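For reference, the structure discussed in these notes is given below.
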Amino acid sequence: MGFGALRVLNDDIVAPGAGFNTHPHDNMEIISIPLEGSLEHRDSMGNHGLIPSGEIQAMSAGTGIFHSEYNQSGSSLVKFLQIWIVPNKRNVSPRYAQMKINPERHKNQFGVIISPVPSEETIWIHQNATLSLGNFEADKNVSIPEAKNGIGNFLFVLKGKINLFGSTLHDRDAIGITDSPITEVSLMEQSQLLLLQVPLNPYSKN
């Protein structure tokens, strides 16, 4: 909680038939990444549907929205990440986007899924932040960008085992990196990683 523009990273498990009742947000970029199962979403912008694993969703809460999430399944858990990023523009018009992830873009490399620039392969948000997913084979090394110019790297291990700065990280471990040159991560076993690159000053225009 509170790594620069990264306000929270919630690692949620929703029981069958349970969920989050309708509640408000404003002036926040809200990203949902289902990891297992399908999440039912409804909001005050008129959006209603399922977000299955393999897809991502992002909302700009802006001037204000209400939304809810539920697990429609009667027998299976839903596991998902909900990430809040402080925007660099306040009181924008609320916005909703949903996208299917192309797994080929994430094999043994970080593929961007959230960015500050609109493209066909990412969802854009109101912040100079980038979120990338990578699925890596064991016994490989991967470099993550240098943390400089006011940008910090937050690395989250979805599953697997890695070595970084001489320490071993396992499932659901995370590390925030600031003022560091290019960093090499050693994959000790097959791993899935989420890399968030965010301004350390949330309101920076850089």
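Just one of the numbered conditions (1) touching a residue at least 40 places away in the same chain (Cβ under 8 Å); (2) surrounded by 18 or more Cβ atoms within 10 Å (Cβ to Cβ); (3) assigned to a strand (DSSP E or B) is not true of Ala97; which one?
(2)
Considering only segment 81-94, how many residues are surrounded by 17 or more Cβ atoms within 10 Å (Cβ to Cβ) and farther than 30 Å from Gly37 by Cβ?
Here is the first cut: in segment 81-94, the residues surrounded by 17 or more Cβ atoms within 10 Å (Cβ to Cβ) are 81-88, 94.
From what's left, farther than 30 Å from Gly37 by Cβ: 88.
The qualifying residues number 1.
What pairs can you find where one residue is in segment 76-92 and among the charged types (D, E, K, R), the other is in a loop (DSSP other than H, G, I, E, B), and their Cβ atoms are less than 7 Å apart, with a gap of 6+ or different chains?
Once the first residue is among the charged types (D, E, K, R) and sits in segment 76-92, its partners that are in a loop (DSSP other than H, G, I, E, B) give Lys79/Gly37; Lys89/His126; Arg90/Asn27.
Which of the numbered conditions does Ser76 fail, given that it passes all the others? Conditions: (1) surrounded by 15 or more Cβ atoms within 10 Å (Cβ to Cβ); (2) farther than 25 Å from Pro116 by Cα.
With (1) surrounded by 15 or more Cβ atoms within 10 Å (Cβ to Cβ); (2) farther than 25 Å from Pro116 by Cα applied to Ser76, the lone miss is (1).
Tell me, please, whether a residue that is modelled with pLDDT under 95 and either in contact with a helix residue (DSSP H, G or I) (Cβ under 7 Å, 6 or more places away or on another chain) or within 18 Å of Leu195 (Cβ to Cβ) (or both) can be found in segment 131-139.
Scanning segment 131-139 turns up no residue that is modelled with pLDDT under 95 and either in contact with a helix residue (DSSP H, G or I) (Cβ under 7 Å, 6 or more places away or on another chain) or within 18 Å of Leu195 (Cβ to Cβ) (or both).
Which of (1) hydrophobic (A, V, I, L, M, F, W, C); (2) more than 17 Å from the chain's Cα centre (by Cα); (3) farther than 24 Å from Ser191 by Cα is the odd one out, the single condition Leu77 does not satisfy?
(3)
Go through (1) of a type in the set (Phe, Trp, Tyr); (2) closer than 24 Å to Ile56 by Cα; (3) assigned to a loop (DSSP other than H, G, I, E, B) for Tyr203 and report which single condition fails.
Evaluating Tyr203 over (1) of a type in the set (Phe, Trp, Tyr); (2) closer than 24 Å to Ile56 by Cα; (3) assigned to a loop (DSSP other than H, G, I, E, B) leaves (2) as the failure.
Output the number of the condition that Leu200 fails; it satisfies all remaining conditions of (1) within 26 Å of Glu36 (Cβ to Cβ); (2) crowded, with 17+ Cβ neighbours inside 10 Å.
Every condition holds for Leu200 apart from (1).
The values are calculated or read from the model by the stated rules, or taken from the named source; none is laboratory data. As the structure is a computational prediction, the values presented were derived from the model and not from experiment. Here the Cβ is made from the backbone with ideal geometry for all residues, glycine too, and neighbour counts use every protein chain on show.
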